[in-house]
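Peer 1: I have a structure I would like to understand better, so I am pasting it below and will then ask my questions one at a time.
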Amino acid sequence: MKNRQKQSPIYHHPLMENNITRDDLNTLIEYLSSEDPKLTQGAKVLEFEAKWSEWLGVKHSVYVNSGSSANLITMAVVRELYGSGEIIVPPLTWVSDIAACLQNGFRPIFADIDPRTLALNVETVIEKISHKTKAVFLTHVQGFNGLTNRMLAELEKRDIPLIEDVCESHGAVFRQKKLGTFGIMSNFSFYYAHHMSTIEGGMVCTDNEEIYQLLRMFRSHGMVRESSSDAIQKKYARETNALNPDFIFAFPAYNVRGTELGAVIGLNQLKRLDKNNRKRVQNNKLFLNALDSQRFRTDFDLQGSCNYAFNVILNEPNIRLRDDVELALNQNGIEHRRGSSGGGNQIRQPYLREYVDYGLWESFPEVEHIHHFGWYIGNFPSLEQKTILNIADVLNNA
Ligand SMILES: Cc1ncc(COP(=O)(O)O)c(C=O)c1O
(Lines give C-alpha, C1' and ligand atoms only; values in the text may rest on other atoms or scores of the structure.)
Protein backbone atom coordinates (compact mmCIF):
# COMPACT_ATOMS: atom_id res chain seq x y z
CA MET A 1 0.00 0.00 0.00
CA LYS A 2 1.19 3.54 -0.77
CA ASN A 3 1.93 6.07 1.94
CA ARG A 4 -1.35 7.69 2.62
CA GLN A 5 -1.60 11.37 3.51
CA LYS A 6 -2.65 11.60 7.16
CA GLN A 7 -6.23 12.68 7.62
CA SER A 8 -8.68 12.55 10.46
CA PRO A 9 -10.17 9.06 10.55
CA ILE A 10 -13.89 8.74 10.01
CA TYR A 11 -14.33 5.53 12.02
CA HIS A 12 -17.96 4.95 11.17
CA HIS A 13 -19.65 5.93 7.93
CA PRO A 14 -22.60 3.59 7.35
CA LEU A 15 -24.44 2.94 4.11
CA MET A 16 -27.50 4.68 5.52
CA GLU A 17 -28.37 6.69 8.60
CA ASN A 18 -31.48 8.22 10.18
CA ASN A 19 -33.83 6.78 7.61
CA ILE A 20 -36.50 6.16 10.22
CA THR A 21 -36.51 9.13 12.57
CA ARG A 22 -37.83 9.75 16.07
CA ASP A 23 -40.61 11.77 14.43
CA ASP A 24 -41.63 8.71 12.36
CA LEU A 25 -41.65 6.59 15.49
CA ASN A 26 -43.71 9.15 17.41
CA THR A 27 -46.22 9.27 14.56
CA LEU A 28 -46.43 5.50 14.73
CA ILE A 29 -46.84 5.54 18.51
CA GLU A 30 -49.61 8.11 18.14
CA TYR A 31 -51.36 5.85 15.64
CA LEU A 32 -50.97 2.85 17.92
CA SER A 33 -52.33 4.86 20.84
CA SER A 34 -55.56 5.62 19.00
CA GLU A 35 -58.62 3.60 19.91
CA ASP A 36 -58.51 0.15 18.34
CA PRO A 37 -55.96 0.86 15.57
CA LYS A 38 -56.14 -1.46 12.62
CA LEU A 39 -52.79 -3.06 11.76
CA THR A 40 -53.42 -5.15 8.66
CA GLN A 41 -53.83 -3.47 5.27
CA GLY A 42 -56.61 -0.88 5.38
CA ALA A 43 -57.36 2.84 5.21
CA LYS A 44 -53.79 4.00 5.90
CA VAL A 45 -52.45 1.87 3.05
CA LEU A 46 -55.06 3.41 0.73
CA GLU A 47 -54.09 6.89 1.92
CA PHE A 48 -50.39 6.19 1.40
CA GLU A 49 -51.08 4.84 -2.09
CA ALA A 50 -53.09 7.94 -2.99
CA LYS A 51 -50.43 10.34 -1.65
CA TRP A 52 -47.68 8.39 -3.39
CA SER A 53 -49.56 8.47 -6.71
CA GLU A 54 -49.99 12.23 -6.34
CA TRP A 55 -46.30 12.73 -5.50
CA LEU A 56 -45.16 10.56 -8.41
CA GLY A 57 -47.71 11.72 -10.97
CA VAL A 58 -49.52 8.46 -11.75
CA LYS A 59 -53.12 7.32 -11.45
CA HIS A 60 -52.62 4.22 -9.33
CA SER A 61 -50.21 2.76 -6.79
CA VAL A 62 -50.30 -0.60 -5.04
CA TYR A 63 -48.40 -0.90 -1.76
CA VAL A 64 -46.67 -4.24 -1.11
CA ASN A 65 -44.32 -5.65 1.51
CA SER A 66 -41.05 -5.11 -0.43
CA GLY A 67 -39.50 -3.93 -3.66
CA SER A 68 -38.90 -7.58 -4.56
CA SER A 69 -42.61 -8.25 -4.17
CA ALA A 70 -43.25 -5.27 -6.44
CA ASN A 71 -40.95 -6.93 -9.02
CA LEU A 72 -42.71 -10.27 -8.55
CA ILE A 73 -46.30 -9.14 -9.09
CA THR A 74 -45.22 -6.79 -11.89
CA MET A 75 -43.83 -9.72 -13.86
CA ALA A 76 -46.91 -11.80 -12.99
CA VAL A 77 -49.03 -9.10 -14.60
CA VAL A 78 -46.77 -8.92 -17.66
CA ARG A 79 -47.21 -12.68 -18.03
CA GLU A 80 -50.97 -12.38 -17.65
CA LEU A 81 -51.18 -9.63 -20.27
CA TYR A 82 -48.66 -10.77 -22.88
CA GLY A 83 -47.95 -14.46 -22.24
CA SER A 84 -44.53 -16.04 -21.82
CA GLY A 85 -41.39 -15.08 -23.73
CA GLU A 86 -38.28 -12.98 -23.17
CA ILE A 87 -37.64 -9.97 -20.97
CA ILE A 88 -34.61 -7.76 -21.61
CA VAL A 89 -32.81 -6.98 -18.36
CA PRO A 90 -29.45 -5.52 -17.30
CA PRO A 91 -26.93 -7.75 -15.51
CA LEU A 92 -26.40 -4.79 -13.12
CA THR A 93 -29.56 -4.86 -11.05
CA TRP A 94 -30.96 -6.53 -7.96
CA VAL A 95 -31.48 -10.31 -7.87
CA SER A 96 -35.25 -9.97 -7.61
CA ASP A 97 -35.58 -8.25 -11.00
CA ILE A 98 -34.21 -11.34 -12.69
CA ALA A 99 -35.73 -13.80 -10.24
CA ALA A 100 -39.16 -12.27 -10.90
CA CYS A 101 -38.70 -13.00 -14.62
CA LEU A 102 -37.69 -16.61 -13.94
CA GLN A 103 -40.44 -17.15 -11.37
CA ASN A 104 -43.00 -16.07 -13.96
CA GLY A 105 -41.61 -18.32 -16.67
CA PHE A 106 -39.76 -15.65 -18.67
CA ARG A 107 -36.31 -16.03 -20.17
CA PRO A 108 -34.12 -13.08 -19.09
CA ILE A 109 -32.10 -11.70 -21.98
CA PHE A 110 -29.19 -9.58 -20.86
CA ALA A 111 -27.97 -6.32 -22.37
CA ASP A 112 -25.00 -4.19 -21.30
CA ILE A 113 -25.17 -0.81 -19.59
CA ASP A 114 -24.18 2.76 -20.37
CA PRO A 115 -21.19 3.71 -18.17
CA ARG A 116 -22.50 7.25 -17.59
CA THR A 117 -25.91 6.18 -16.21
CA LEU A 118 -25.26 2.52 -15.24
CA ALA A 119 -28.60 1.64 -16.88
CA LEU A 120 -29.37 -0.38 -20.02
CA ASN A 121 -27.65 0.98 -23.11
CA VAL A 122 -30.18 1.54 -25.88
CA GLU A 123 -27.91 0.15 -28.62
CA THR A 124 -27.37 -3.14 -26.80
CA VAL A 125 -31.10 -3.34 -26.07
CA ILE A 126 -31.97 -2.95 -29.75
CA GLU A 127 -29.55 -5.79 -30.61
CA LYS A 128 -31.35 -8.11 -28.18
CA ILE A 129 -34.92 -7.41 -29.27
CA SER A 130 -36.59 -10.36 -31.00
CA HIS A 131 -40.11 -11.52 -31.84
CA LYS A 132 -40.10 -13.19 -28.39
CA THR A 133 -39.45 -9.96 -26.46
CA LYS A 134 -42.35 -9.20 -24.14
CA ALA A 135 -40.90 -6.22 -22.28
CA VAL A 136 -37.78 -4.28 -21.36
CA PHE A 137 -37.28 -4.20 -17.59
CA LEU A 138 -34.97 -1.25 -17.02
CA THR A 139 -33.34 -0.52 -13.66
CA HIS A 140 -32.58 3.10 -12.81
CA VAL A 141 -29.41 2.35 -10.89
CA GLN A 142 -28.49 4.28 -7.75
CA GLY A 143 -30.44 7.42 -8.51
CA PHE A 144 -29.28 7.98 -12.09
CA ASN A 145 -31.87 8.49 -14.79
CA GLY A 146 -31.56 5.54 -17.17
CA LEU A 147 -33.93 6.79 -19.87
CA THR A 148 -33.08 8.51 -23.12
CA ASN A 149 -35.31 9.91 -25.84
CA ARG A 150 -33.95 7.25 -28.16
CA MET A 151 -34.74 4.41 -25.74
CA LEU A 152 -38.36 5.54 -25.44
CA ALA A 153 -38.70 6.13 -29.18
CA GLU A 154 -37.19 2.75 -30.17
CA LEU A 155 -39.43 0.83 -27.76
CA GLU A 156 -42.50 2.72 -28.83
CA LYS A 157 -41.68 2.15 -32.51
CA ARG A 158 -41.51 -1.60 -31.86
CA ASP A 159 -44.48 -1.62 -29.49
CA ILE A 160 -42.41 -3.11 -26.65
CA PRO A 161 -43.61 -2.29 -23.15
CA LEU A 162 -41.17 -0.64 -20.77
CA ILE A 163 -41.15 -1.49 -17.07
CA GLU A 164 -39.14 0.77 -14.79
CA ASP A 165 -37.44 -0.42 -11.62
CA VAL A 166 -37.07 2.78 -9.61
CA CYS A 167 -36.26 1.05 -6.31
CA GLU A 168 -32.97 2.99 -6.14
CA SER A 169 -34.07 6.29 -7.70
CA HIS A 170 -37.05 7.87 -5.94
CA GLY A 171 -37.44 11.45 -7.10
CA ALA A 172 -35.04 11.33 -10.06
CA VAL A 173 -36.48 12.91 -13.22
CA PHE A 174 -36.33 12.76 -17.00
CA ARG A 175 -37.89 15.41 -19.25
CA GLN A 176 -39.29 17.13 -16.14
CA LYS A 177 -41.25 14.02 -15.13
CA LYS A 178 -40.40 11.69 -12.29
CA LEU A 179 -38.92 8.31 -13.15
CA GLY A 180 -41.59 5.70 -12.72
CA THR A 181 -44.09 7.58 -14.89
CA PHE A 182 -42.75 6.41 -18.26
CA GLY A 183 -43.24 2.63 -18.19
CA ILE A 184 -46.51 0.71 -18.16
CA MET A 185 -45.57 -0.18 -14.58
CA SER A 186 -42.88 0.99 -12.20
CA ASN A 187 -41.48 -0.46 -8.99
CA PHE A 188 -40.23 1.22 -5.82
CA SER A 189 -38.62 -0.15 -2.66
CA PHE A 190 -38.93 1.30 0.82
CA TYR A 191 -36.22 -0.80 2.38
CA TYR A 192 -34.13 1.01 4.99
CA ALA A 193 -31.15 1.58 2.67
CA HIS A 194 -33.15 3.55 0.09
CA HIS A 195 -34.34 7.16 -0.30
CA MET A 196 -37.20 6.56 2.09
CA SER A 197 -38.29 3.65 4.21
CA THR A 198 -41.35 1.93 5.61
CA ILE A 199 -39.02 -0.59 7.34
CA GLU A 200 -39.74 -3.04 4.52
CA GLY A 201 -42.10 -2.13 1.70
CA GLY A 202 -42.56 -1.45 -1.97
CA MET A 203 -44.92 0.08 -4.52
CA VAL A 204 -46.08 -0.75 -8.01
CA CYS A 205 -47.35 2.23 -9.98
CA THR A 206 -49.33 2.49 -13.20
CA ASP A 207 -51.68 4.69 -15.19
CA ASN A 208 -53.49 1.69 -16.62
CA GLU A 209 -56.79 0.67 -15.00
CA GLU A 210 -56.67 -2.96 -16.15
CA ILE A 211 -53.13 -3.37 -14.81
CA TYR A 212 -54.13 -1.72 -11.53
CA GLN A 213 -56.92 -4.24 -11.00
CA LEU A 214 -54.62 -7.16 -11.80
CA LEU A 215 -51.99 -5.85 -9.37
CA ARG A 216 -54.55 -5.58 -6.58
CA MET A 217 -55.56 -9.20 -7.12
CA PHE A 218 -52.01 -10.52 -7.52
CA ARG A 219 -51.03 -8.81 -4.28
CA SER A 220 -53.64 -10.73 -2.37
CA HIS A 221 -53.97 -14.42 -3.31
CA GLY A 222 -55.42 -13.66 -6.75
CA MET A 223 -58.70 -12.91 -4.98
CA VAL A 224 -61.39 -11.28 -7.08
CA ARG A 225 -62.84 -9.32 -4.17
CA GLU A 226 -59.51 -7.46 -3.92
CA SER A 227 -60.28 -5.82 -7.24
CA SER A 228 -61.94 -2.44 -6.78
CA SER A 229 -63.88 -2.85 -10.02
CA ASP A 230 -67.56 -3.78 -9.83
CA ALA A 231 -67.43 -4.98 -13.41
CA ILE A 232 -64.64 -7.48 -12.65
CA GLN A 233 -66.38 -8.75 -9.53
CA LYS A 234 -69.68 -9.22 -11.36
CA LYS A 235 -68.01 -10.93 -14.32
CA TYR A 236 -66.34 -13.54 -12.11
CA ALA A 237 -69.47 -13.98 -10.01
CA ARG A 238 -71.47 -14.70 -13.18
CA GLU A 239 -68.90 -17.14 -14.53
CA THR A 240 -68.47 -19.02 -11.26
CA ASN A 241 -71.91 -19.09 -9.72
CA ALA A 242 -71.20 -22.15 -7.56
CA LEU A 243 -68.55 -20.16 -5.65
CA ASN A 244 -68.94 -17.86 -2.71
CA PRO A 245 -68.11 -14.40 -4.24
CA ASP A 246 -65.89 -13.73 -1.22
CA PHE A 247 -63.66 -16.60 -2.23
CA ILE A 248 -63.03 -16.53 -5.94
CA PHE A 249 -59.36 -16.98 -6.76
CA ALA A 250 -58.71 -15.83 -10.32
CA PHE A 251 -54.95 -16.47 -10.37
CA PRO A 252 -52.48 -18.70 -8.54
CA ALA A 253 -51.00 -15.61 -6.92
CA TYR A 254 -49.31 -14.43 -3.71
CA ASN A 255 -49.84 -12.65 -0.44
CA VAL A 256 -47.49 -9.66 -0.54
CA ARG A 257 -49.65 -7.13 1.28
CA GLY A 258 -48.17 -4.38 3.41
CA THR A 259 -49.44 -3.28 6.80
CA GLU A 260 -50.96 -0.09 8.20
CA LEU A 261 -47.78 0.35 10.24
CA GLY A 262 -45.62 0.67 7.13
CA ALA A 263 -48.15 3.04 5.56
CA VAL A 264 -48.19 5.30 8.64
CA ILE A 265 -44.39 5.59 8.50
CA GLY A 266 -44.48 6.04 4.71
CA LEU A 267 -46.99 8.90 4.92
CA ASN A 268 -44.77 10.70 7.40
CA GLN A 269 -41.61 10.03 5.40
CA LEU A 270 -43.13 11.29 2.18
CA LYS A 271 -43.47 14.76 3.72
CA ARG A 272 -39.71 15.16 3.83
CA LEU A 273 -38.64 13.11 0.79
CA ASP A 274 -38.18 16.07 -1.57
CA LYS A 275 -36.19 18.05 0.96
CA ASN A 276 -33.98 15.05 1.71
CA ASN A 277 -33.50 14.43 -1.98
CA ARG A 278 -32.34 18.00 -2.60
CA LYS A 279 -29.66 17.48 0.05
CA ARG A 280 -28.63 14.17 -1.54
CA VAL A 281 -28.20 15.85 -4.92
CA GLN A 282 -26.01 18.57 -3.33
CA ASN A 283 -23.96 15.97 -1.47
CA ASN A 284 -23.33 13.96 -4.61
CA LYS A 285 -22.16 17.01 -6.56
CA LEU A 286 -19.81 18.00 -3.76
CA PHE A 287 -18.45 14.46 -3.59
CA LEU A 288 -17.86 14.11 -7.33
CA ASN A 289 -16.19 17.53 -7.52
CA ALA A 290 -13.82 16.50 -4.73
CA LEU A 291 -12.99 13.13 -6.26
CA ASP A 292 -9.78 12.74 -8.26
CA SER A 293 -10.97 12.37 -11.86
CA GLN A 294 -7.60 10.93 -12.90
CA ARG A 295 -8.33 7.84 -10.90
CA PHE A 296 -12.14 7.71 -10.54
CA ARG A 297 -15.03 8.22 -12.92
CA THR A 298 -16.62 11.58 -12.35
CA ASP A 299 -18.34 12.04 -15.72
CA PHE A 300 -21.70 10.48 -14.81
CA ASP A 301 -24.77 11.87 -16.50
CA LEU A 302 -26.18 13.71 -13.50
CA GLN A 303 -29.10 15.37 -15.25
CA GLY A 304 -32.24 14.61 -13.25
CA SER A 305 -30.35 12.24 -10.95
CA CYS A 306 -30.98 11.83 -7.24
CA ASN A 307 -28.46 9.46 -5.67
CA TYR A 308 -28.74 7.80 -2.28
CA ALA A 309 -25.20 6.56 -2.81
CA PHE A 310 -21.83 7.84 -3.92
CA ASN A 311 -20.55 5.81 -6.85
CA VAL A 312 -16.85 5.14 -6.73
CA ILE A 313 -15.63 3.54 -9.95
CA LEU A 314 -12.00 3.28 -11.04
CA ASN A 315 -11.19 4.63 -14.51
CA GLU A 316 -8.80 1.77 -15.17
CA PRO A 317 -9.06 -1.94 -14.37
CA ASN A 318 -6.21 -1.75 -11.86
CA ILE A 319 -6.38 -4.54 -9.28
CA ARG A 320 -3.65 -3.12 -7.02
CA LEU A 321 -5.40 0.22 -6.83
CA ARG A 322 -8.69 -1.59 -6.23
CA ASP A 323 -7.19 -3.36 -3.24
CA ASP A 324 -5.64 -0.14 -1.90
CA VAL A 325 -8.97 1.66 -2.15
CA GLU A 326 -10.76 -1.16 -0.37
CA LEU A 327 -8.16 -1.23 2.38
CA ALA A 328 -8.45 2.53 2.88
CA LEU A 329 -12.23 2.29 3.06
CA ASN A 330 -11.99 -0.47 5.63
CA GLN A 331 -9.34 1.30 7.71
CA ASN A 332 -11.44 4.46 7.81
CA GLY A 333 -14.65 2.69 8.74
CA ILE A 334 -16.38 3.65 5.50
CA GLU A 335 -18.98 1.02 4.76
CA HIS A 336 -19.07 0.10 1.09
CA ARG A 337 -20.37 -2.46 -1.37
CA ARG A 338 -18.19 -3.70 -4.18
CA GLY A 339 -20.11 -4.32 -7.40
CA SER A 340 -22.43 -1.42 -6.65
CA SER A 341 -26.10 -2.42 -6.89
CA GLY A 342 -26.76 -5.98 -6.02
CA GLY A 343 -23.16 -7.21 -5.99
CA GLY A 344 -22.15 -6.55 -9.58
CA ASN A 345 -22.70 -8.86 -12.50
CA GLN A 346 -25.78 -10.99 -11.78
CA ILE A 347 -24.81 -13.43 -14.52
CA ARG A 348 -21.97 -14.65 -12.30
CA GLN A 349 -24.42 -15.67 -9.55
CA PRO A 350 -25.16 -19.35 -8.77
CA TYR A 351 -28.93 -18.89 -9.18
CA LEU A 352 -28.40 -18.28 -12.90
CA ARG A 353 -26.08 -21.22 -13.55
CA GLU A 354 -28.73 -23.42 -15.09
CA TYR A 355 -30.03 -20.62 -17.32
CA VAL A 356 -26.88 -19.17 -18.91
CA ASP A 357 -23.75 -20.51 -20.57
CA TYR A 358 -20.63 -20.58 -18.44
CA GLY A 359 -18.63 -17.39 -18.95
CA LEU A 360 -21.50 -15.41 -20.49
CA TRP A 361 -20.71 -12.64 -18.00
CA GLU A 362 -17.63 -11.75 -20.07
CA SER A 363 -19.90 -10.47 -22.85
CA PHE A 364 -20.90 -7.46 -20.73
CA PRO A 365 -17.69 -5.44 -20.31
CA GLU A 366 -19.32 -2.36 -18.79
CA VAL A 367 -21.02 -4.40 -16.08
CA GLU A 368 -17.86 -6.45 -15.56
CA HIS A 369 -15.93 -3.24 -14.89
CA ILE A 370 -18.40 -2.21 -12.16
CA HIS A 371 -18.32 -5.76 -10.79
CA HIS A 372 -14.56 -5.64 -10.20
CA PHE A 373 -13.73 -1.94 -9.90
CA GLY A 374 -16.83 -0.17 -8.58
CA TRP A 375 -18.30 0.44 -5.13
CA TYR A 376 -21.08 2.39 -3.61
CA ILE A 377 -20.95 4.18 -0.31
CA GLY A 378 -23.72 5.91 1.60
CA ASN A 379 -25.12 9.35 0.76
CA PHE A 380 -27.76 10.48 3.24
CA PRO A 381 -29.24 13.88 4.09
CA SER A 382 -27.54 14.33 7.47
CA LEU A 383 -24.05 14.09 5.94
CA GLU A 384 -21.87 17.09 6.65
CA GLN A 385 -19.66 18.73 4.04
CA LYS A 386 -16.49 17.96 5.94
CA THR A 387 -17.34 14.26 6.09
CA ILE A 388 -17.98 14.17 2.36
CA LEU A 389 -14.65 15.88 1.67
CA ASN A 390 -12.94 13.57 4.10
CA ILE A 391 -14.29 10.50 2.32
CA ALA A 392 -13.13 11.88 -1.04
CA ASP A 393 -9.71 12.52 0.53
CA VAL A 394 -9.44 8.95 1.75
CA LEU A 395 -10.24 7.69 -1.75
CA ASN A 396 -7.95 10.14 -3.56
CA ASN A 397 -5.02 9.19 -1.34
CA ALA A 398 -5.55 5.45 -1.13
C1 LIG B 1 -33.03 -2.20 -8.20
C2 LIG B 1 -33.70 -2.92 -7.07
N3 LIG B 1 -34.83 -3.61 -7.32
C4 LIG B 1 -35.46 -4.28 -6.35
C5 LIG B 1 -35.00 -4.28 -5.05
C6 LIG B 1 -35.71 -5.07 -4.01
O7 LIG B 1 -36.22 -4.25 -3.00
P8 LIG B 1 -36.44 -4.84 -1.52
O9 LIG B 1 -35.12 -4.87 -0.86
O10 LIG B 1 -37.37 -3.83 -0.91
O11 LIG B 1 -37.05 -6.16 -1.68
C12 LIG B 1 -33.84 -3.58 -4.75
C13 LIG B 1 -33.33 -3.63 -3.36
O14 LIG B 1 -32.34 -3.24 -2.94
C15 LIG B 1 -33.16 -2.88 -5.77
O16 LIG B 1 -32.03 -2.22 -5.52
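The values are calculated or read from the model by the stated rules, or taken from the named source; none is laboratory data. The model shown is predicted, which means the values in this text are computed figures rather than measured ones. So basically every Cβ, Gly included, is an ideal-geometry build from the backbone, and we count neighbours across all protein chains shown. Ligands, DNA and RNA are stripped out before the accessible areas are found, and what is left, the full protein with its side chains, is counted by its heavy atoms. Shrake-Rupley method; radii C 1.70, N 1.55, O 1.52, S 1.80 Å.
Peer 1: On average over all directions, what projected area in square nanometres does region 128-237 have, based on the convex hull of its Cα atoms?
Peer 2: On the way: hull surface 35.3 nm².
For region 128-237, averaging the hull's shadow over all directions gives 8.8 nm².
Peer 1: Another one. Got a number for the accessible area of Leu273? Probe 1.4 Å, square angstrom, nearest 10.
Peer 2: Using a 1.4 Å probe on the heavy atoms, I get roughly 0 Å².
Peer 1: How big is the gap, in Å, between the Cα center of region 343-357 and the Cα center of region 154-182?
Peer 2: 26
Peer 1: Cα centroids of region 369-392 and region 196-275: how far apart, whole angstrom?
Peer 2: Between the Cα centre of region 369-392 and that of region 196-275, the gap is 37 Å.
Peer 1: Could you give the radius of gyration (one decimal) and Dmax (whole number) of the Cα atoms in region 171-325, in Å?
Peer 2: 22.1, 72
Peer 1: Can you send over the carbon and sulfur percentage of the accessible area for the chain, probe radius 1.4 Å, protein chains only? Show your work: numbers first, answer last.
Peer 2: Values: 8570 of 17580 Å².
Carbon with sulfur: 49 percent of the solvent-accessible area.
Peer 1: Taking the DSSP beta bridges in the chain as the whole, what percent of them are antiparallel, to the nearest 5? Present the calculation step by step, with values, prior to reporting the outcome.
Peer 2: Values: 25 of 40 bridges.
Percentage antiparallel, nearest 5: 60.
Peer 1: For a quick check: with amide H placed at 1.01 Å from N, whose amide H comes under 5 Å from Gly42's, ignoring anything fewer than 5 positions away on the same chain?
Peer 2: Glu260
Peer 1: Would you calculate the volume per residue, in Å³, of the smallest convex hull containing every Cα atom of region 278-398?
Peer 2: Values: hull volume 14.6 nm³, N = 121.
Once divided by residue count, the hull of region 278-398 is 121 Å³.
Peer 1: Non-local amide H neighbours of Ala193 (under 5 Å, H modeled in plane, Pro and chain starts lacking H): which ones?
Peer 2: Result for Ala193 returns nothing.
Peer 1: Could you run the Karplus curve 6.51 cos²θ - 1.76 cosθ + 1.60 with θ = phi - 60° over region 359-366 and give me ³J(HN,Hα) per residue in whole Hz, x for Gly and Pro?
Peer 2: x, 4, 4, 5, 7, 10, x, 5
Peer 1: Taking only protein heavy atoms into account and a 1.4 Å probe, give the accessible area per residue of region 214-307 in Å².
Peer 2: For region 214-307, the per-residue accessible area is 50 Å².
Peer 1: Which residue, chosen from Leu214, Asn241, Thr198, occupies the Cα position most advanced towards the positive end of the dipole of region 185-247, where the dipole is computed from +1 (Lys, Arg) and -1 (Asp, Glu) charges on Cβ about the Cα centre?
Peer 2: Asn241
Peer 1: Beta carbons within 10 angstrom, averaged per residue: use that to sort the peptides 17-29, 240-252, highest first.
Peer 2: Details: 17-29: 14.4, 240-252: 12.2.
Result, highest mean first: 17-29, 240-252.
Peer 1: Also, I was wondering about something else. According to the square roots a ≥ b ≥ c of the eigenvalues of the Cα gyration tensor, what is the shape class of region 51-125, taking rounded for a/c under 1.5, prolate for a/b larger than b/c otherwise, and oblate for the remainder? Display every interim value, and only then the final one.
Peer 2: Details: a/c = 1.90, a/b = 1.23, b/c = 1.55.
Since a/c reaches 1.5 but b/c is at least a/b, the shape of region 51-125 is classed as oblate.
Peer 1: Give the peptides 301-311, 122-132 in descending order of average Cβ contacts within 10 Å, highest first. It would help to have the intermediate numbers written out before the result.
Peer 2: Details: 301-311: 22.5, 122-132: 14.8.
The most tightly packed comes first, giving 301-311, 122-132.
Peer 1: Sticking with this one: In percent, how large is the relative contact order of the chain, given Cα pairs closer than 8 Å and 6 or more residues apart? Walk me through the numbers before you get to the answer.
Peer 2: Values: 799 pairs, mean separation 92.0, N = 398.
This gives 23 percent for the chain.
Peer 1: Hey, if you put +1 on the Cβ of every Lys and Arg and -1 on every Asp and Glu Cβ in the chain, which of Pro317, Ser189, Pro90 ends up farthest toward the positive end of that dipole?
Peer 2: Farthest along the dipole direction, towards plus: Pro317.
Peer 1: Can you give the Rg to Rh ratio for region 115-163, taking only C-alpha atoms and Rh from Kirkwood? Each step should come with its number before you reach the end.
Peer 2: Numbers: Rg = 10.5 Å, Rh = 11.2 Å.
Radius of gyration relative to Kirkwood radius: 0.95.
Peer 1: Mind checking the log10 I(q)/I(0) for region 229-273 at q = 0.15, 0.27, 0.31 Å⁻¹? Debye, one equal scatterer per Cα, no solvent, two decimals.
Peer 2: -0.62, -0.95, -1.08
Peer 1: Another question, then. If you place +1 on the Cβ of every Lys and Arg and -1 on the Cβ of every Asp and Glu, how big does the dipole about the Cα centre of region 198-288 come out, in debye to the nearest 20?
Peer 2: With only Lys, Arg, Asp and Glu charged at Cβ, the dipole is about 640 debye.
Peer 1: What is the dipole size for region 1-138, taken about its Cα centre, with +1 at each Lys and Arg Cβ and -1 at each Asp and Glu Cβ, in debye to the nearest 20?
Peer 2: On the way: 14 positive and 16 negative charges, 127 e Å.
That gives region 1-138 a dipole magnitude of about 600 debye.
Peer 1: Keeping every protein chain present and rolling a 1.4 Å probe, give me the accessible area per residue for region 79-182 in Å². Each step should come with its number before you reach the end.
Peer 2: Details: 3790 Å² over 104 residues.
For region 79-182, the solvent-accessible area averages 36 Å² per residue.
Peer 1: Another question, if that's okay. For the pairs Lys59/Lys235; Lys51/Lys235; Lys177/Lys279; Lys178/Lys285; Lys178/Lys386, flag any whose C-alpha to C-alpha distance is greater than 28 Å. Spell out each step's value before the answer.
Peer 2: On the way: Lys59/Lys235 24 Å; Lys51/Lys235 30 Å; Lys177/Lys279 19 Å; Lys178/Lys285 20 Å; Lys178/Lys386 31 Å.
Listed pairs above 28 Å: Lys51/Lys235; Lys178/Lys386.
Peer 1: Expressed in whole Å with the largest first, what are the equivalent ellipsoid semi-axes of the chain derived from the C-alpha gyration tensor as the square root of 5 times each eigenvalue?
Peer 2: Working: eigenvalues 279, 143, 57 Å².
Values for the chain, descending: 37, 27, 17 Å.
Peer 1: If eta is 1.567 mPa s and T is 4 °C, what Stokes-Einstein diffusion coefficient results for region 187-239, Kirkwood Rh from Cα pairs, in µm²/s? List each step's numbers first, then the result.
Peer 2: Details: Rh = 12.6 Å.
D = 103 µm²/s.
Peer 1: Now, a different point. On a 0 to 90° scale, report how tilted helix 385-396 is relative to the longest principal axis of the chain, with both axes built from alpha carbons and the result rounded to the nearest 10.
Peer 2: Approximately 70 degrees, to the nearest ten.
Peer 1: In addition: Identify which of Asp36, Asp159, Asp274 has the largest mean-square fluctuation in a Gaussian network model of the chain, with springs joining Cα atoms closer than 10 Å.
Peer 2: Asp36
Peer 1: For Glu156 and Glu35, what is the calculated FRET efficiency with R₀ set at 56 Å and r taken between the beta-carbons, to the nearest 0.05? Show your work: numbers first, answer last.
Peer 2: On the way: r = 52 Å, r/R0 = 0.93.
With R0 = 56 Å, the Cβ-Cβ based efficiency is 0.60.
Peer 1: Also: Please turn the phi angles of region 227-242 into ³J(HN,Hα) values with the Karplus equation 6.51 cos²θ - 1.76 cosθ + 1.60 (θ = phi - 60°), one per residue in order, whole Hz, x for glycine and proline.
Peer 2: 5, 9, 9, 4, 4, 5, 4, 5, 4, 5, 4, 5, 6, 10, 6, 8
Peer 1: Summing -39500 (n - 2.57) over the DSSP H runs of n ≥ 4 in the chain and dividing by its residue number, what mean residue ellipticity at 222 nm do you reach, to the nearest 500 deg cm²/dmol?
Peer 2: My calculation for the chain gives -12000 deg cm²/dmol from helical runs alone.
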